[in-house]
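What follows is a single structure, written as structure tokens, with notes after it.
FYI, it's all coordinate maths here, none of it is from the lab. Predicted model, so just to flag it, every value in this text is computed and none were measured. With ideal geometry, Cβ positions are generated from the backbone for all residues, glycine too; neighbour counts draw on all protein chains shown.
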Amino acid sequence: MGVTFRSEQAYLMVAHDTIFSVGVVPTIYKPTEDGKGRVWIGTQEEWEALQKLPDPEMVNRSYTFSEGADHNQLTLEREDAIEGMRSYIKRRKDKLITEVK
């Protein structure tokens with residue numbers, strides 16, 4: 001079950017580090033042969049450290065509000081990402097992002 005958030009701005013991007021404040025994390029990937037994906041090439045220890053971070057698939061990436069007819073919605077499935085976005089919304093002084101009830 002996912003939770004949808006709406007932005008007043010279409011295609012708004014919010015960096016993982018902005019939500020979770022983990023800093024820049026070394027992620028060691030190489031492109032797949034077809035160029036459509038990526039493969040981890042770091043050590044097992046580096047992989048395990050990365051997996052302990054909140055929403056590890058989004059480390060060094062951004063959440064993009066691009067869903068919906070107005071391209072201003074984002075649906076999150078992971079509980080840590082949902083709680084992180086809720087916390088981020090509370091820290092903001094404006095109403096740029098809201099949770100869709």
Item checked: Sparse-neighbour loop sites [chymotrypsin sites (Phe, Trp or Tyr not before Pro); the range 27-84; at most 14 other C-beta within 10 Å; DSSP] -> none
Next item on the list: Work out how far the C-alpha atoms of the chain reach from end to end along every principal axis, then list the three figures in whole Å, largest first.
Entry: 41, 29, 24
Check: Can you list residues whose amide H is under 5 Å from residue 63's amide H, if they're 5+ apart or on another chain and H is modeled 1.01 Å from N?
Finding: 14, 15, 16
Margin query: Over 10 Å intervals from 0, what percent of Cα-Cα pairs in the range 41-90 sits in each interval?
Written below: 21, 44, 24, 10, 0
Notebook entry, point to check: Considering the range 1-50, what Rg and Dmax in Å follow from its alpha-carbon atoms?
Noted result: 15.4, 41
Check: At 222 nm, what helix-only mean residue ellipticity would the chain give, in deg cm²/dmol to the nearest 500, using -39500 (n - 2.57) for each DSSP H run of four or more?
Finding: -7000 deg cm²/dmol
